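What follows is a single structure, written as structure tokens, with notes after it.
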Amino acid sequence: MTILQSILFAAAATVAVTVQAQVLPTAGTQVVVPASGEVVHVNDQVTVTLAIEEQDRDKAAAASRVNQKMNQGVAIVKKADPQAVLKTQGYYTYAVYPEVAPLPAGSVARPRVPSGWRVGQTLQVKTTNLAALPKTVAAAQAMLTLNRLNFGLAPDTVRKLDDERIVAAYQNLNQRVASIAGAMGRNVNDAVIETIDFEGSGNYARGGAAPAPPAPMRLFKNDGAQVEEPNFEPGETTLSLRLVAKVKFR
């Protein structure tokens, strides 16, 4: 090794030791710490959408059959599940027009005349009686059509789980602060929480979106025949909570 190389090596070693020996001061440091917590719970509520549609050349006849069958369907649901909450979700009437071949150039289009009418109604059924759900749906399907079915958590359950979400998020915050303190070479007891913003600086958690009203569609007609009970799996729902805390080291 030459003299010049020895000098450069010694200088580099001195700088490395100096940098290694330096410790950045952290007294008074404020740290912004995000944290989160989540809980999982078995779904205990279901929203069922039932529907009926009729088509006829006579609009009044189609509407009468829809009204009659929906009345019967509502009675069936109320009998099968008295605690269910029912809500009319939609009612539509629109004309059905025959297909018309393209007109030759220069021809004058004639007024369109409907060849029939389609009338339909939808019913929303909300219940926590999941044990009776297969029987209720099967009974309703003898008269109505099952459009959709969504499982979720009842409002009371969500409120009860709020405590668990807050505890889980706060525990995660403590774990992260301890990790940060260790990385900074500080004692976690020197950390003081100044503020906590639950739901993460205004990024509020979105609630379950309400199902969109069903668009008019062709539905199979039910003839009142008995339907075998279906099998449903409620599944689980995960609720999360975010928070952001400002922590200061003394």
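The values are calculated or read from the model by the stated rules, or taken from the named source; none is laboratory data. Because the structure is a prediction, the values reported are computed rather than measured. No Cβ is skipped: glycine too gets one built from the backbone with ideal geometry, and neighbour counts run over all protein chains shown. The area values use the complete protein model at the heavy-atom level, side chains included, leaving out ligands, DNA and RNA. Shrake-Rupley method; radii C 1.70, N 1.55, O 1.52, S 1.80 Å.
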Are any residues in segment 48-64 closer than 14 Å to G120 by Cβ, open to solvent by 40 Å² or more (accessible area, probe 1.4 Å) and in contact (Cβ under 8 Å) with a residue 24 or more places away in the chain, and if so, which ones?
Q55, D56, K59
So which of E99, E38 ends up being open to solvent by 60 Å² or more (accessible area, probe 1.4 Å), of a type in the set (D, E) and touching a Leu at 6+ places or on another chain (Cβ under 9 Å)?
E38
Meets criteria (touching an Asp or Glu at 6+ places or on another chain (Cβ under 8 Å), open to solvent by less than 20 Å² (accessible area, probe 1.4 Å) and part of a strand (DSSP E or B)) for V33:
no
Taking the options A140, A132, A181, name whichever one is farther than 21 Å from Q83 by Cα, outside any strand (DSSP E or B) and either β-branched (V, I, T) or open to solvent by less than 30 Å² (accessible area, probe 1.4 Å) (or both).
A181
Exactly one of these conditions fails for Q121: (1) closer than 23 Å to Q72 by Cα; (2) open to solvent by 50 Å² or more (accessible area, probe 1.4 Å). Give me its number.
(2)
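Based on this model, can you work out whether V74 counts as within 21 Å of P114 (Cβ to Cβ), within 35 Å of the chain's Cα centre (by Cα), at pLDDT 90 or above and buried (at least 16 other Cβ atoms within 10 Å of the Cβ)? Walk me through how you get there before you give the answer.
Numbers: within 21 Å of P114 (Cβ to Cβ): no; within 35 Å of the chain's Cα centre (by Cα): yes; at pLDDT 90 or above: yes; buried (at least 16 other Cβ atoms within 10 Å of the Cβ): yes.
For V74, the condition - within 21 Å of P114 (Cβ to Cβ), within 35 Å of the chain's Cα centre (by Cα), at pLDDT 90 or above and buried (at least 16 other Cβ atoms within 10 Å of the Cβ) - is not met.
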Looking at Q83 and the list (1) within 25 Å of L149 (Cα to Cα); (2) surrounded by 11 or more Cβ atoms within 10 Å (Cβ to Cβ); (3) in contact (Cβ under 8 Å) with a residue 12 or more places away in the chain, which single condition is not satisfied?
(2)
